[in-house]
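Peer 1: Submitted below is the structure of interest, expressed as structure tokens.
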Amino acid sequence: MSSDNHSTTPYRVLVTGGAGFIGSCLVQHLVNRVNVSVFNLDKLTYAGNLQSLAAVEGNKCYQFLRADICDPTTVANVFNQFQPTVVMHLAAESHVDRSIDGPSAFIETNIVGTSTMLQCALNYWREQNPERQEQFRFHHISTDEVFGSLGPTGHFVETTPYDPRSPYSASKASSDHLVRAWSHTYGLPVLITNCSNNYGPHQFPEKLIPLVLLNAMERKPLPIYGTGENVRDWLYVEDHVEALWRVIESGTPGQTYNIGGNMERTNLEVVRTVCEILDQRRPHPEGPYADLITFVADRPGHDQRYAIDASRIKNELGWQPSESFESGIGKTIDWYLANEDWWRPIREGTYTGERLGLSKEESAT
């Protein structure tokens, strides 16, 4: 679906999980574009937050329905009524620690939900005329965690064999395989992207960067698993959604594209960077925030290193990240400092910063 062929054709984009962290950023990005209408289908589980979409609420190009992607009747009705030209499937359970505590929700949403979306998309696609069939795309947004763990060197490429290690990554690997199967078996025009660790505004505060930031501001311990030497490649969320749309406009159906930030950092480096910027933005009379760093027992099966080779999307589609890690972290911290009304209710209600991902036996000790 090249932009040359469709510059005057309106896009009708069905986004699943559009009230989540990446999804809400994507929805706002799309609603602000010319010739794009968005339908957001989201179950509003604990990490879905309509406050993240306040800026587009009431926009004539935006619709929202609270619904479960595992419900085939509702999903089919959305396809038939909205008539999408594009599906961008982000709805997923996404936190490794929660998948250790309760894997069944990940199997239900990430695997069963994706199969439901695929079958409804296929049924809808088959009913379209040849031109609309040619235009249609099913874009599945996935993770680099499906590839397993890297040693000190090397990078994940699109053809790296899958080796998922957690219930979360196994469920996402399963969904990736389903998407490819619907493409190979039925001819559904699909796209898959596997991204590295996202960060930025509106991220639910169970994830490392907002958890550390908010704990620091409340003078709580800053927990780091093991020795803090686990490495991740960090990607600013607005760079990610730019890449996702570039794939829709110019990607080749059936292809996979890795999306990375080219910003490898150890967890300890990430936490220290957050502390240093917070020391500058909001110094505390009791001393540097890094004094709060606490090393805790490692996550079960903790992957050592993820790193993405994003040269395909750069060479074929012309995308590369705009933000450095330092600039992105600065913007992220500034946003959380300015938007306590967004995160305070979460910290006081849904999630208070407790440790997740321990077995029941470990949690009791």
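No lab work stands behind these numbers, since they all come straight from the coordinates. Predicted model only: the values in this text are computed from it and were never measured. Please note: Cβ atoms are built from the backbone with ideal geometry, for glycine as well, and neighbour counts cover all protein chains shown.
Peer 1: Filter the chymotrypsin sites (Phe, Trp or Tyr not before Pro) in segment 189-297 down to the DSSP loop ones having no more than 16 other Cβ atoms within 10 Å, then list what survives.
Peer 2: Details: sites: TYR199, TYR225, TRP234, TYR236, TRP245, TYR257, TYR289, PHE295; in loops: none.
Sites meeting the loop and neighbour criteria: none at all.
Peer 1: If you don't mind, another one. Given H placed on each backbone N at 1.01 Å, which residues far from PHE64 in sequence or on other chains put an amide H within less than 5 Å of it?
Peer 2: ASN40
Peer 1: Along each of the three principal axes of the Cα atoms of segment 92-210, give the extent in whole Å, ordering the values from largest to smallest.
Peer 2: 47, 31, 28
Peer 1: Under 25 °C and 0.890 mPa s, how fast does the chain diffuse according to Stokes-Einstein, given a Kirkwood radius computed over C-alpha pairs? Answer in µm²/s, whole number.
Peer 2: On the way: Rh = 21.0 Å.
Estimated diffusion coefficient is 117 µm²/s.
Peer 1: Still on this model: Residue by residue, what Karplus-based ³J(HN,Hα) values in Hz, rounded to whole numbers, does segment 270-279 have, using 6.51, -1.76 and 1.60 with θ = phi - 60° and x for Gly and Pro?
Peer 2: Ordered by residue, 3J(HN,Hα) equals 4, 5, 5, 5, 4, 4, 5, 5, 5, 4 Hz.
Peer 1: To the nearest 0.05, how large is the calculated FRET efficiency for GLU269 and GLU108 if R₀ is 30 Å and r is the Cβ-Cβ distance? Don't skip to the end; give the middle numbers.
Peer 2: On the way: r = 36 Å, r/R0 = 1.19.
My answer for the efficiency is 0.25.
Peer 1: Could I ask something else about it? Please enumerate, by chain and number, the lysines with C-alpha under 25 Å from the C-alpha of LYS207, excluding those fewer than 8 residues away in the same chain.
Peer 2: The qualifying lysines are LYS43, LYS172, LYS220, LYS331, LYS360.
Peer 1: Report the convex hull volume per residue for segment 8-116, counting only C-alpha atoms, in Å³. Mind showing how you got there, number by number?
Peer 2: Details: hull volume 10.1 nm³, N = 109.
Here the figure is 93 Å³ per residue.
Peer 1: I would also like to ask the following. If you rank LEU26, LEU44, LEU178 by fewest surrounding Cβ atoms within 10 Å, what's the result? Walk me through the intermediate numbers first.
Peer 2: Numbers: LEU26 27, LEU44 14, LEU178 20.
So the residues, fewest neighbours to most, are LEU44, LEU178, LEU26.
Peer 1: Also, quick follow-up: Can you list the residues, at least 5 places off or on another chain, whose amide H is less than 5 Å from the amide H of GLU264, using H built in the peptide plane?
Peer 2: Close amide H contacts, sequence-distant or interchain: TRP234.
Peer 1: Which of PRO103, PRO288, PRO164 ends up with the largest GNM mean-square fluctuation for the chain, with Cα atoms connected below 10 Å?
Peer 2: Result for the chain, Cα springs under 10 Å: PRO288 fluctuates most.
Peer 1: Set the Förster radius R0 to 35 Å, insert the Cβ-Cβ distance between VAL296 and LYS331 as r into 1/(1 + (r/R0)^6), and round the FRET efficiency to 0.05.
Peer 2: On the way: r = 28 Å, r/R0 = 0.81.
In this case the efficiency is close to 0.80.
Peer 1: Could I have the simple spin-label model distance between LYS220 and GLU127, label points 7 Å from Cα toward Cβ, reported in nm to one decimal?
Peer 2: Reported label-point gap for LYS220 and GLU127 is 4.8 nm.
Peer 1: Right, another one. Using each residue's phi in segment 257-268, evaluate 6.51 cos²θ - 1.76 cosθ + 1.60 at θ = phi - 60° and report the 3J(HN,Hα) Karplus result to the nearest Hz, with x for Gly and Pro.
Peer 2: 10, 7, 10, x, x, 6, 9, 6, 9, 6, 4, 5
Peer 1: Please check the chain for the longest run free of trypsin sites (Lys or Arg not before Pro) that are loop-located per DSSP (anything but H, G, I, E, B) and have at most 15 other Cβ atoms within 10 Å.
Peer 2: On the way: sites that count: ARG33, LYS60, ARG219, ARG355.
The longest such stretch corresponds to 61-218.
Peer 1: Pairs of alpha-carbon atoms within less than 8 angstrom and 6+ residues apart define the contacts here; what relative contact order does the chain have, in percent? Intermediate results must be reported in sequence, preceding the final value.
Peer 2: Working: 673 pairs, mean separation 66.4, N = 365.
Taking the mean separation of contacting Cα pairs over the length of the chain, I get 18 percent.
Peer 1: Which lysines, on any chain, are close to LYS60 with Cα under 17 Å apart, when same-chain ones fewer than 8 places away are left out?
Peer 2: Excluding near neighbours in sequence, the set is empty.
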